[in-house]
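Enquirer: Mind looking over this structure? Questions follow.
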Amino acid sequence: SAAASNRLAPRISLRSAQSLWATAVHEMSMLLHAGIPLLEALDTIADQNHGSFRAAILEVRDRVAAGSSLADALRQRTDLFDAASIQMVEVGENSGTLDAVLEQLAEFKRKQLSLRDSVTTALVYPLFLVFFGSAAALFLMTSVLPPLLETLQETVEVLPWPTRVAKAISDFILDYGWFVAVGLVAALIAIAAGLRTERGKEAWHRLLLKMPVIGPMAIKQGIARIAMIIGTLTRSGVELTRAVELAEKSTGNVVFQRALRQARESISAGEEVSDALERSGAFPPLAVRVFSVGQESGKLEDMLFRLADDYDSQVATASARLTALLEPVLIRVLAALGGFLWLANILPILEAGNVM
């Protein structure tokens, strides 16, 4: 079965698989458009890769060679190939336009990864500053300051106040650091366990969407992804209810999943998708209006692509501004912390020199 195949297959991270699959789709589209048979195209793509992903492509190639369709072969590795991609491949195979559909899928994957990477890149440098700044401060407080003060306290009667503050923090870390570390690890484990439950996951996702600055970015990023999926699938010939269902499976946010599930049920009952999205409260008025006008005008795909592009640019701009704001703030905070620790170390040395 597909589940058994997924368990026995070589493991590869989801992020790496998405990037490799996006590249493979683009290459396969070019090869098929050039008239190269599907099996040769899969062989070429396998030669371009290595490790677990190469093994997965060869597995797909063997299934196709045995008479399976490409969509069915991909469906055996749902840990690597998402449902939306498989559905588009199936539509392309049934309509005889696999190369054109793969070209659309490649463009969709490119935009999806570009949106994800823009947000990830914006957060890398601030996280780098916080991690190494905290590590340097912890090293000074636990390995440099205690032996220094042990020597200087014999010659200095009253330590300067920065040194006293730093010593109190250092003593607390040395005496209770392990308890704090164990407590933090236990808290992280408890939070991770809570996020695995449906209630905990939904609470976190609702909180995420309501956070200042981060919340609007998460909403726009999620809606851009949903709009790209539905627009790409409907343009490829997938009916709207199926496209909404695949968008529901592709999004990781429980709030958006519930809204899309309600929208799918409303469409099946003959209602407008925009009404269900508006009732959910998860979609801003602009997105609801785009769905409404798109359905009425028969240009839903074009309007969804424009919405996705608009939200993409807004998220990229917001993430760039957030990075531009965080960098100087973090640099100043770390500089102040470093200066304070420098004073805490140097002042007792100067006073000891005056005493001597």
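The values are calculated or read from the model by the stated rules, or taken from the named source; none is laboratory data. Please read these numbers as outputs of a predicted model, since none were measured by experiment. Here the Cβ positions follow ideal geometry from the backbone for every residue, glycine too, while neighbour counts run over all protein chains shown. Calculation scope for accessible area: heavy atoms of the full protein, side chains included, ligands and nucleic acids excluded. Shrake-Rupley method; radii C 1.70, N 1.55, O 1.52, S 1.80 Å.
Enquirer: Whether any residue in the stretch 107-118 is among the aliphatic types (A, V, I, L, M) and free of Cβ contacts under 8 Å to residues at least 12 places away in the same chain is what I want to check. Quick ask: steps written out before the conclusion?
Expert: Step one: list which residues in the stretch 107-118 are among the aliphatic types (A, V, I, L, M), which gives 113, 115.
Then keep just the ones that are free of Cβ contacts under 8 Å to residues at least 12 places away in the same chain; that gives none.
No; the residues of the stretch 107-118 include none that is among the aliphatic types (A, V, I, L, M) and free of Cβ contacts under 8 Å to residues at least 12 places away in the same chain.
Enquirer: Let me ask you something else. Can you report the number of residues in the stretch 311-356 which are touching a helix residue (DSSP H, G or I) at 6+ places or on another chain (Cβ under 9 Å), farther than 21 Å from K109 by Cβ and open to solvent by less than 40 Å² (accessible area, probe 1.4 Å)?
Expert: Here the count works out to 10.
Enquirer: Need pairs with beta-carbon distance below 8 Å; first residue without any contact (Cβ under 8 Å) to a residue 40 or more places away in the chain and within the stretch 24-43, second outside any helix (DSSP H, G or I); sequence gap 6+ or separate chains.
Expert: Correct list of pairs: A24/N49.
Enquirer: Kindly check whether there is at least one residue in the stretch 129-138 that is of a type in the set (S, T, N, Q) and either modelled with pLDDT under 80 or open to solvent by less than 20 Å² (accessible area, probe 1.4 Å) (or both). Working first, answer last.
Expert: In the first step, residues of the stretch 129-138 are kept if they are of a type in the set (S, T, N, Q); the result is 134.
If we keep only those that are either modelled with pLDDT under 80 or open to solvent by less than 20 Å² (accessible area, probe 1.4 Å) (or both) too, we end up with none.
Looking through the stretch 129-138, none of the residues is of a type in the set (S, T, N, Q) and either modelled with pLDDT under 80 or open to solvent by less than 20 Å² (accessible area, probe 1.4 Å) (or both).
Enquirer: Can you pull out the helices (runs of 4 or more DSSP H) entirely within the stretch 244-310 that have at least 3 residues that are at pLDDT 85 or above and buried (at least 21 other Cβ atoms within 10 Å of the Cβ)?
Expert: Values: elements: 254-268, 273-280, 285-297.
Result: 254-268, 285-297.
Enquirer: Taking the stretch 41-100, which residues are of a type outside the set (G, A, S) and under 14 Å from S236 (Cβ atoms)?
Expert: I86, Q87, M88, V89, E90, V91, E93, N94, T97, L98, D99
Enquirer: Further question on the same structure: Take the residues in the stretch 159-174 that are among the charged types (D, E, K, R) and within 15 Å of L343 (Cα to Cα), then tell me which one is surrounded by the most Cβ atoms within 10 Å (Cβ to Cβ).
Expert: Checking each candidate, the answer is K167.
Enquirer: Filter the stretch 310-321 down to residues that are without any contact (Cβ under 8 Å) to a residue 40 or more places away in the chain and within 18 Å of the chain's Cα centre (by Cα), then give me how many there are.
Expert: Residues that pass the stated criteria total 2.
Enquirer: Moving on to the next point. Are any residues in the stretch 203-237 open to solvent by 10 Å² or more (accessible area, probe 1.4 Å) and either of a type in the set (F, W, Y) or over 25 Å from A193 (Cα atoms) (or both), and if so, which ones?
Expert: W204, P212, V213, P216, M217, K220, Q221, R225, T234, R235, S236, G237
Enquirer: Now for a separate question. Out of (1) free of Cβ contacts under 8 Å to residues at least 12 places away in the same chain; (2) in a helix (DSSP H, G or I), what's the single condition that is false for S85?
Expert: (1)
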